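The values are calculated or read from the model by the stated rules, or taken from the named source; none is laboratory data. Predicted model only: the values in this text are computed from it and were never measured. Positions of Cβ are generated from backbone atoms using ideal geometry, with glycine treated the same way; all protein chains shown enter the neighbour counts. Accessible surface is based on the protein model in full, side chains and every heavy atom, while ligands, DNA and RNA are left aside. Shrake-Rupley method; radii C 1.70, N 1.55, O 1.52, S 1.80 Å.
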Amino acid sequence: FKKEDASPSSVVPSAAAKVWQPGVDEMEEGEELQFDPSAYNYLRGFNIGWPCLSFDVVQDSLGLVRTEFPHTLYGVAGTQADQQSANYIGIFKLSKITGKKRDLVPSSLNNDEEMEDDDSSSSDEDEDMGDAAGGNAPVLQIKKVAHQGCVNRIRSMTQEPHICATWGDTGFVQVWDFSSHLNSLADSDAPNNRDGTVIKQTPIMKFGGHKDEGYAIDWSPVVPGRLISGDCNKCIHLWEPTGDSWKVDSTPFTGHDASVEDLQWSPTEANIFASSSVDGKIAIWDTREGKKPKFIFKAHDADVNVISWNRLASCMIASGSDDGSFSIRDLREIKDDSLVAHFKYHKKPITSVEWSPHEASTLAVSSDDHQLTIWDLSLERDKEEEAEFKAKVKEQVNAPEDLPPQLLFVHQGQKDLKELHWHPQIPGMIISTAADGFNVLMPTNIDVTLPSAAS
């Protein structure tokens, strides 16, 4: 981001650009923030109507590793409408996503690109979604299915992506089959549902055994259909698939002293899962060994809002806290000191954390401070490389010296970020949801961390 004169007649900054640090720098009168288009291979804003607290990427059959534009993505999202009866699940497709590669050190910036506003959102689904990397606007298609109450969290099953589970603020966990809607979207490239029609559909499973609403829910990546759900009443229930339905164990897993905020299955072990809680602890459970945690330990000094289990390095688990910090732990050292790294960069609660599905040392974090950050734990400060880079840049960017060397990228422009996901099949693509809509971003410098097999 760059700090520039906001005068309409001032297209080119009169002074050297400066990196603006949220939570540190103040905005002066007559100044506004401008993003650097060269930092993105792709950047778009879109929305599906109401703000969404939670969404998930729906895996598709278009290819396991896709590196060339144009791209297509599918997703499901749950709304936070102003009236309970107005809520719905949006099943969406964003197609004809076209961007272009840029040099890491741009020789010049086009004035038109400098003035472009890429990530503004409105309640109108027909908005012209600005683009930071050139190309035409993608095609957004949506199917809407009515949902009782706000959607606290939504997750698509990895093995059968058309099967989705929702946690509602009404206290019900429901499972849905969206195959007909996804097939309809796949068969067409024309924008649809412009009349806002909301379809009434009966879920294939509805569980009301939780004594309070909740946010924690996760599908097993190892056992198709196996599900866990946790609530604000400290209880976790295990769901076992039984053909076309599920049997939910009425006896919950208990061990936390406060609300269960997040759940994650082990990426390799069928019976192992992790939980995080408002009590500041993370627990590791084995479904074969009773209803108490196998291990439980203090992870943060405040609520542990989110956790992410690394699918490429299954010994690593990340956690984000209400105090703005996030940590990485090595579960092989759980009986001793398992802390690998602890970062206090963010100024407000961490709302989402997720490891990259394509690079074991990279993770993305979002916070209530309106920032989405990307971190590479394998990075160390290299003063020689920094000097070479600055020599190539014609305009001195005055980058702060105290930023952590592992901080790879900072994305701003969204208000009250709630959740992010890497696209599992498009390396380097992140989708994020916030109070003012969604962003799809592909930072330029993420390319350098991709494995050679995916290049």
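Per-structure values
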read-out: Carbon + sulfur, % of accessible area of the range 196-251 - ligands and nucleic acids excluded, 1.4 Å; value: 48
read-out: Residue pairs, from the table 143/206; 347/415; 234/281; 206/291; 143/200, whose Cα atoms sit over 19 Å apart; value: 143/206; 206/291
read-out: At R0 = 30 Å, FRET efficiency that the Cβ-Cβ distance of residue 186 and residue 86 yields, to 0.05; value: 0.65
read-out: Accessible surface, per residue, of the range 192-257 when the full set of protein chains is kept, probe 1.4 Å, Å²; value: 48
read-out: FRET E, pair residue 200, residue 292, Förster distance 51 Å, beta-carbon r, rounded to 0.05; value: 0.75
read-out: Solution diffusion estimate, µm²/s, Stokes-Einstein, the range 213-305, Kirkwood Rh from C-alpha pairs, 20 °C, viscosity 1.002 mPa s; value: 164
read-out: Nearest-20 debye value, the range 174-287 charge dipole, Cβ charges on Lys, Arg, Asp, Glu; value: 220
read-out: Pair residue 378, residue 435: separation of 7 Å Cα→Cβ label points (nm); value: 3.8
read-out: Compactness of the range 130-264 as Cα Rg over 2.2 N^0.38 Å, two decimals; value: 1.21
read-out: Amide H partners (placed H, <5 Å) of residue 340, local residues excluded; value: 328, 329, 330
read-out: Extended-chain gain in nm, criterion 0.36 nm per residue less alpha-carbon gap, residue 137 and residue 211; value: 22.1 nm
read-out: Residue-span extension gain [residue 222 to residue 314] - 0.36 nm each, minus C-alpha spacing; value: 31.8 nm
read-out: Mean shadow area of the range 168-232 over all directions, Cα convex hull, nm²; value: 6.2
